[in-house]
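A short write-up of the structure that comes next.
No value in this document is a laboratory result; all are computed from the given coordinates. The structure presented is a predicted model; accordingly, all values stated were derived computationally and were not measured. Please note: Cβ atoms are built from the backbone with ideal geometry, for glycine as well, and neighbour counts cover all protein chains shown.
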Amino acid sequence: FGFSAQDILPQITQVTSNIISISYSIFSNVAVLITVFFLSLYMSLDWENIKARFLSLFKSELRDEIEETIFEIEVSISQWIKGQAFLMLVVGVASFAGFSAIGIEYALALAVIAGLLEFIPMIGPVITTIIASAITFTQSPVKGLMVVVLCILIQQLENNLLVPRIMQKVSGFSPLIILIAVITFTNFFGIVGTVVAVPCVMVGYVIVKRVLNYAGS
């Protein structure tokens, strides 16, 4: 069976186009995440001044109510950050223990990557599995398969046991609402939406609750 250049060329073009598209999407999302990170960092460093300027825009009778709303948002976000940090620590420690038991090289470095990528819900564990297995398969195919199984096991335990309980505790929402929020934000805003879904819902809930209470008073 012979293949002519006319048969192969469209397939090569299609594959190349897909690779370029996927690579562009990954780099775009990473760039946006880095931008959001530094923007959040600069805002946190100057938060008190930003808050003071924002409050000065409102009349005195509204200022106290808005200040209390901002304080409640700060408490909610801090609780979310603590919950996320705990999840990152648990995943990092579990990954290090598993990688060390398998006996792969760079166990600590891969565990740190696993813990950091836990910050990205749903997608982070997948990236961790790809990175860890790609590195380990070059050392030993058997160990590579063991790493894949380990990452899937940690991901399943985390998604079904840890995340619903911890996120429900820090946000006050049911796991179903959290899942719907993550899926919705991911569809609209990509990886960035996945990261900010839960805190955005928490902030929105506080604002809506305060507005309804103020309107009914």
Review point. Among all the lysines, which ones have a C-alpha under 16 Å from Lys169's C-alpha, if same-chain residues fewer than 8 places away are not counted?
Key: Lys82
Review point. Which of the aspartates and glutamates could a cross-linker bridge to Lys59, judged by Cα under 18 Å and excluding same-chain residues fewer than eight apart?
Key: Glu67, Glu68
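How big is the charge dipole of segment 83-217 about its Cα centre, in debye rounded to the nearest 20, if each Lys and Arg gets +1 on its Cβ and each Asp and Glu gets -1 on its Cβ?
Numbers: 5 positive and 3 negative charges, 80 e Å.
With only Lys, Arg, Asp and Glu charged at Cβ, the dipole is about 380 debye.
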Practice item. Mind jotting down the three principal axis lengths of segment 33-109 based on Cα atoms? Whole angstrom, largest first. Key: 64, 22, 15
